[in-house]
1. For the chain, modelled as a Gaussian network with Cα springs under 10 Å, which listed residue fluctuates most, Val116, Val152, Val320?
2. For helix 131-145, what angle does its Cα long axis make with the longest principal axis of the chain, in degrees from 0 to 90 and rounded to 10?
3. Counting only other residues whose beta carbon sits under 12 Å from that of Glu120, what net charge do I get with K and R as +1, D and E as -1?
4. Working from Cα positions, state the angle (0 to 90°, nearest 10) between the long axis of helix 149-168 and the longest principal axis of the chain.
5. Would you compute, from DSSP H runs of 4+ residues alone, the mean residue ellipticity of the chain at 222 nm, taking -39500 (n - 2.57) per run and dividing by the full residue count, rounded to the nearest 500?
6. Loop by DSSP (not H, G, I, E, B), at most 11 other beta-carbon atoms within 10 Å: where is the longest site-free stretch of the chain for trypsin sites (Lys or Arg not before Pro)?
7. So, R0 is 51 Å and r is the distance between the beta-carbons of His84 and Arg228; what FRET efficiency does that work out to, to 0.05?
8. Between Asp59 and Ala96, take the C-beta separation as r, use R0 = 25 Å, and let me know the FRET efficiency to the nearest 0.05.
Amino acid sequence: MHLTRLQFARLRCFDEVALEALEAGVVLFTGANGAGKTSVLEAVHLLGYGRSFRGRVRDGLIRSGAADLQVYAEWRGGNDGRLHRAGLQHAGRHWAARLDGEAVATLADLCAAFAVVTFEPGSHELIAGGAEHRRRFLDWALFHVEPTFLPVWRRFARALKQRNALLKSGPVPAALEPWDRELGEAGEQLTRLRLGFLDCLRPALVETADEFLPELGTADLGFHPGWRREELPLHDALVLSRERDLLLGHTTVGPQRADWQVRYAGLPGRESLSRGQEKLTALACVLAQAREFARARGEWPVICLDDLASELDRPHQEQVLRVLLSSGAQVLLTGTDPPPALRALDAPAQWFHVEQRRVFPRPPAQVGGAL
Ligand SMILES: Nc1ncnc2c1ncn2[C@@H]1O[C@H](COP(=O)(O)OP(=O)(O)O)[C@@H](O)[C@H]1O
Ligand SMILES: [Mg+2]
């Protein structure tokens, strides 16, 4: 996918920004700390996820004092490379969006059309943080490559919500039966989809981890479905946990508790990853996800790399950029200065500078010249 135009208004420190004729390769955004570089990437990420990687819209993405924000984008994508247009107005709780001239009914319709993956300073949470980060990662990928995912996920989410509401009202355990059956069926389907996706992701992850962390040995992916799946079907696990769930007031077994992890052959047992290795593992996962997306869909998602130079040492920066340059993916990159790795690779880049709440184009030749 190739983002060609990006406009946004009332997002973080910005009033109005319009970026036109964005190029297909590396697009660089430089600026001092606090200038708004990350916010530019948040505008892009918002279209693909309905939220920022730094939280929900209502948690500070709208400019202080404004009632809503707007993002408008045009991109080329799909098998025919057609031009698509999307606009989103978001007021925190309420939103309205249009895609290719039509109003969209759910944010998922918008997010399905535009694919972006982001590596940013918070990405190590994918490895070190709570399981919800890893479930979101899995489900994003399934959402984009597996057409049956969304109805299954919706059925599962609805059944879980109903069962939890019933648990809070304290019924006799047998009253849970219809929801246990529904949740059991939808949860098994969701789990099969997640397992199937991890099987598809594994080769890309093994290859990518081997590029970035060869010293840790071969990588593998482990999956925890959220209940003892090897012993009993989800329906039975739900029945067995009824008493406990009634006491606690929520459902304690099932795919809402699922998790996965990256393991390395050279790091057995309980030895933990260093912070740097966590970041590189998160990066390997994000790039593997993009690779798998490209394999399944025939085009790369837009890749956002926030503050790459502060996140990775120079050899690893060069490695990432080399992989992405040869992929043909569009890469939106931020930094206080142009990353030295860009010049080392002699890679052409379109350059914008962010200053005083505005985004200025800079001549591309200066990327090299400034170093
Ligand atoms: N809701 C908001 N309203 C106005 N300004 C904000 C809001 N949220 C963040 N900011 C400001 O936006 C600026 C840009 O932040 P950021 O994109 O993180 O900059 P950078 O990535 O360049 O360091 C910061 O100065 C921050 O204080
Ligand atoms: Mg930043």
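Each reported figure results from applying straightforward, stated rules to the coordinates on display, with no laboratory input. The structure displayed is predicted, hence computed values, not measured ones. When we count neighbours, we look across all protein chains shown, and the Cβ atoms used for this are built from the backbone with ideal geometry, even at glycine.
1. Val152
2. So the inclination is approximately 80 degrees.
3. -2
4. 50 degrees
5. It comes out at -13500 deg cm²/dmol, rounded to the nearest 500.
6. Here the longest segment lacking exposed loop sites spans 94-269.
7. Efficiency for this residue pair is about 0.70.
8. Efficiency computed from Cβ-Cβ geometry: 0.80.
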